[in-house]
1. Of the numbered conditions (1) within 18 Å of Arg18 (Cα to Cα); (2) assigned to a loop (DSSP other than H, G, I, E, B); (3) modelled with pLDDT of 90 or more, Gly34 fails exactly one; give the number of that condition.
2. Any residue at all in segment 41-48 that's surrounded by 11 or more Cβ atoms within 10 Å (Cβ to Cβ) and assigned to a loop (DSSP other than H, G, I, E, B)?
3. When only residues in segment 31-41 that are among the aliphatic types (A, V, I, L, M) and over 13 Å from the mean Cα position of the chain (by Cα) count, which is nearest to Asn65 (Cα to Cα)?
4. Looking at segment 87-117, which of its residues are assigned to a strand (DSSP E or B) and within 18 Å of Ala14 (Cα to Cα)?
5. Out of the residues in segment 5-31 that are within 21 Å of Gly97 (Cβ to Cβ) and polar (S, T, N, Q), which is modelled with the highest pLDDT?
6. Is segment 74-86 home to any residue that is in a strand (DSSP E or B), aliphatic (A, V, I, L, M), more than 24 Å from Gly41 (Cα to Cα) and modelled with pLDDT of 90 or more?
7. For segment 95-117, enumerate the residues that are of a type in the set (Gly, Ala, Ser), surrounded by 10 or more Cβ atoms within 10 Å (Cβ to Cβ) and closer than 16 Å to Thr7 by Cβ.
8. Could you count how many residues in segment 42-73 are more than 12 Å from the chain's Cα centre (by Cα), of a type in the set (Gly, Ala, Ser) and modelled with pLDDT of 90 or more?
Amino acid sequence: MISEHSTESGAHFAFTDRWGGVSAVPYEELNLGGAVGDDAGAVRENRTLAAASLGLDPARVVWMNQVHGRDVVVVDGPWGSDAEIPAVDAVVTARRGVALAVLTADCTPVLLADPVA
């Protein structure tokens with residue numbers, strides 16, 4: 001299940017729960033994390049399902065390998081199929097229409113949106 005919202009600035013955001021995906025136990029069902037031991041094909045399919053449910057092209061979603069750190073990467077668009085996904089704690093963009101994906105477990109996600117920039 002995905003819950004979608006938007007801010008006064010026009011930024012859109014969504015949260016997922018764990019239901020509606022293809023991952024097997026113990027990751028069932030909608031595991032989006034690629035670094036927890038789940039089958040990589042299942043994670044790709046789950047990410048495709050999540051993106052599609054929001055009306056997004058799965059290839060246009062910018063994912064990251066989230067770490068507990070202070071590194072931030074600025075993006076203009078998707079990494080591309082051959083690019084190494086960076087290990088960072090945040091992703092930012094100044095481009096409209098770029099979908100940024102943030103994975104959390106025990107951390108609180110923070111969304112900052114600047115309607116002027």
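1. If we test Gly34 against (1) within 18 Å of Arg18 (Cα to Cα); (2) assigned to a loop (DSSP other than H, G, I, E, B); (3) modelled with pLDDT of 90 or more, just (3) comes out false.
2. Checked against the condition, which is being surrounded by 11 or more Cβ atoms within 10 Å (Cβ to Cβ) and assigned to a loop (DSSP other than H, G, I, E, B), segment 41-48 yields no hits at all.
3. Only one residue fits best here, namely Ala35.
4. Within segment 87-117, Ala90, Val91, Val92, Ala99, Leu100 qualify.
5. If we take residues in segment 5-31 being within 21 Å of Gly97 (Cβ to Cβ) and polar (S, T, N, Q), then Thr16 is modelled with the highest pLDDT.
6. Checked against the condition, which is being in a strand (DSSP E or B), aliphatic (A, V, I, L, M), more than 24 Å from Gly41 (Cα to Cα) and modelled with pLDDT of 90 or more, segment 74-86 yields at least one hit.
7. Ala99, Ala113
8. 4
The values are calculated or read from the model by the stated rules, or taken from the named source; none is laboratory data. Not measured: the values here are computed from a predicted model. Note that each Cβ is placed from the backbone with ideal geometry, even for glycine, and that neighbours are counted across all protein chains shown.
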